[in-house]
């Protein structure tokens, strides 16, 4: 096969550069320095320390870079040299899509991003459901991690702690020596039970969420995530203290945190004889509780006359529901802000202390005493 010494040819779809043909190298810091007639340090300052240069000199460097197609210093290399990436990883128990659709998580992340953004720091979201072996965590170029509603035995939690970077946990888990941001879910569940018991309810429905479906759980859905589990345990424990029989407490598991799943679970709870139906339903999240309101409407069951409904989180739609939803407020935006503040302080080596965040039962029109008959 004859070729010109400066040619390229193609063999089975693969381009081959023949020896002697010109190769265009990617422009570098030195290339730009030569083109602009300045030192290598001046080019570096144009990108990393612009305050060290006059406006004219910086524009001269940047113009040369644009003409050569130089994209700027490699971020990974710059991070290694500085010893900082300027980013914080937020490890989520759910997939990324959930982070943009769940109102409670959106509020938390808004708080995190607001505080990190004010500090000139980026946020990298790492989906736990897609990182069963911890490879995403181990490869993340970050200065610290915020763990958001993770189970303690989740393998990605172990991958985070093995990095030996600053860590803050939000919601769960509580790890020894690690700053924590969150409410006392168990105590909040007790508040809900006391409210409903005080109204005179004795038959209850509970709508919860399953645990993460993952290889470490043998491929099966486990118990609800620890935060949800704690609030439900507190609720059930208080019912038992009040003498409510197990047969009068009915639990349904919603596959996803959606209105549709709340509706389906409600249809199951309200089926059957009137005398056996719960007169009060506690949903582990407001999203599910809003589904309960719709499910009751579809079943022709009046809220709160025939069934009282309580949620958890106090998302924006809770107060706008029909009727307005009784729920537990836990200031998710503020938890996001506090998580970011703690992790930024940890990165800088400043002492940190876990804040006290209270959960407050907000009583609205979705709860009332059970109606006779």
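The values are calculated or read from the model by the stated rules, or taken from the named source; none is laboratory data. None of these values were measured; they are calculated from a predicted model. All Cβ positions, glycine included, derive from the backbone under ideal geometry; neighbour counts span all protein chains shown.
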Checked the stretch 277-298 for anything more than 19 Å from residue 369 (Cβ to Cβ) and surrounded by fewer than 23 Cβ atoms within 10 Å (Cβ to Cβ); matches are 294, 297, 298
Just one listed residue, out of 275, 297, is modelled with pLDDT under 95 and either in the same structural domain as residue 94 (by TED's automatic domain parsing) or more than 27 Å from residue 150 (Cβ to Cβ) (or both), and it is 275
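Table: residues versus (1) at pLDDT 90 or above; (2) over 14 Å from residue 339 (Cβ atoms).
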position: 58; (1), (2): yes, yes
position: 64; (1), (2): yes, yes
position: 79; (1), (2): no, yes
position: 115; (1), (2): yes, no
position: 119; (1), (2): yes, no
position: 143; (1), (2): yes, yes
When every residue in the stretch 195-211 that is more than 23 Å from residue 263 (Cα to Cα) and surrounded by fewer than 18 Cβ atoms within 10 Å (Cβ to Cβ) is compared, the one farthest from the chain's Cα centre (by Cα) is 200
Restricted to the stretch 123-140 and to residues being farther than 24 Å from residue 210 by Cα and loosely packed, with under 14 Cβ neighbours inside 10 Å, the residue modelled with the highest pLDDT is 138
* Report whether or not residue 165 is outside the structural domain of residue 206 (by TED's automatic domain parsing), touching a residue at least 40 places away in the same chain (Cβ under 8 Å) and surrounded by fewer than 22 Cβ atoms within 10 Å (Cβ to Cβ). => no
Within the stretch 340-372, of all residues that are free of Cβ contacts under 8 Å to residues at least 12 places away in the same chain and in a loop (DSSP other than H, G, I, E, B), the one surrounded by the fewest Cβ atoms within 10 Å (Cβ to Cβ) is 372
Checked pairs for the stretch 252-269, first more than 9 Å from residue 208 (Cα to Cα), second exposed (fewer than 15 other Cβ atoms within 10 Å of the Cβ), C-beta under 6 Å and 6 or more apart or across chains, list as 261/255
